[in-house]
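Trainee: First the structure, then my questions, so here it is.
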Amino acid sequence: MKRADRNRDCRSMTAIRYASVLAELDIPQDILDRTAEILEQSPDLAEALESPVIQKAAKHRVIDRIFPAGVRSLLKVAADDGKIGYVPESIDVYRERMERKAGIVTASLAYAEPPAGARLAKMEQVICRKCKASGVRWKMREDKSLIGGFLLHVDGREYDYSVQGRLKRLEQKLTRR
């Protein structure tokens, strides 16, 4: 049910729109974090809130019982539209926007082997310089299909330093001739 897992580096328009609503509502970050946590830890709940079979009134009662008051109106709209699964991604988009305003950029790093602390610090320096940021929030995940190296997504750009990427580029180069 996690739509954000489909493509971690490409945001849906629905999530972007909901993030804009979150910005207008000015909901405290701790409430948003708790909401995302509830939805991610309870996939059955999210599925039920998205179900067209369950009546809106029943969904609204569940939302009123489980979720913090500040976020209930947004959740009710999302549940009514069958888009509750976009809420965690929306919260993530909103958080990234707020961090960006504070000078912090989000970087997604897929790696075959975890990078050493010194290498990560060097990457952070380069990212801060290129993006004119004061800090980096890392989203890291292991991906053995890369064979070696890493794949970095930051500020809409992809930097592929993986063995898999190098092999693909070599294959493309050889097949063009």
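The values are calculated or read from the model by the stated rules, or taken from the named source; none is laboratory data. What you see is a predicted model, and the numbers here were worked out from it, not measured in a lab. Using ideal geometry, Cβ is built from the backbone for each residue, glycine included, and neighbour counts are taken over all protein chains shown. Areas reflect the complete protein model, heavy atoms only, side chains present, ligands, DNA and RNA absent. Shrake-Rupley method; radii C 1.70, N 1.55, O 1.52, S 1.80 Å.
Trainee: Quick one: count up the residues across region 134-171 that are within 24 Å of R11 (Cβ to Cβ), in a loop (DSSP other than H, G, I, E, B) and either at pLDDT below 95 or open to solvent by 60 Å² or more (accessible area, probe 1.4 Å) (or both).
Mentor: 3
Trainee: Conditions: (1) open to solvent by 40 Å² or more (accessible area, probe 1.4 Å); (2) touching a residue at least 40 places away in the same chain (Cβ under 8 Å); (3) not hydroxyl-bearing (S, T, Y). R72 meets all but one. Number of the miss?
Mentor: (2)
Trainee: Let me ask something additional. Quick one: is I31 open to solvent by 30 Å² or more (accessible area, probe 1.4 Å) and free of Cβ contacts under 8 Å to residues at least 60 places away in the same chain?
Mentor: yes
Trainee: Kindly indicate which of A58, A15, A48, A4 is of a type outside the set (K, R) and modelled with pLDDT under 90.
Mentor: Going through A58, A15, A48, A4 in turn, the sole match is A4.
Trainee: Among the numbered conditions (1) of a type in the set (A, V, I, L, M, F, W, C); (2) open to solvent by less than 20 Å² (accessible area, probe 1.4 Å); (3) within 18 Å of the chain's Cα centre (by Cα), tell me where F67 comes up short.
Mentor: Condition not satisfied by F67: (3).
One line per residue, one yes/no per condition, for (1) open to solvent by 20 Å² or more (accessible area, probe 1.4 Å); (2) in a strand (DSSP E or B):
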site: A78; (1), (2): no, no
site: G82; (1), (2): yes, no
site: E89; (1), (2): no, no
site: A110; (1), (2): no, yes
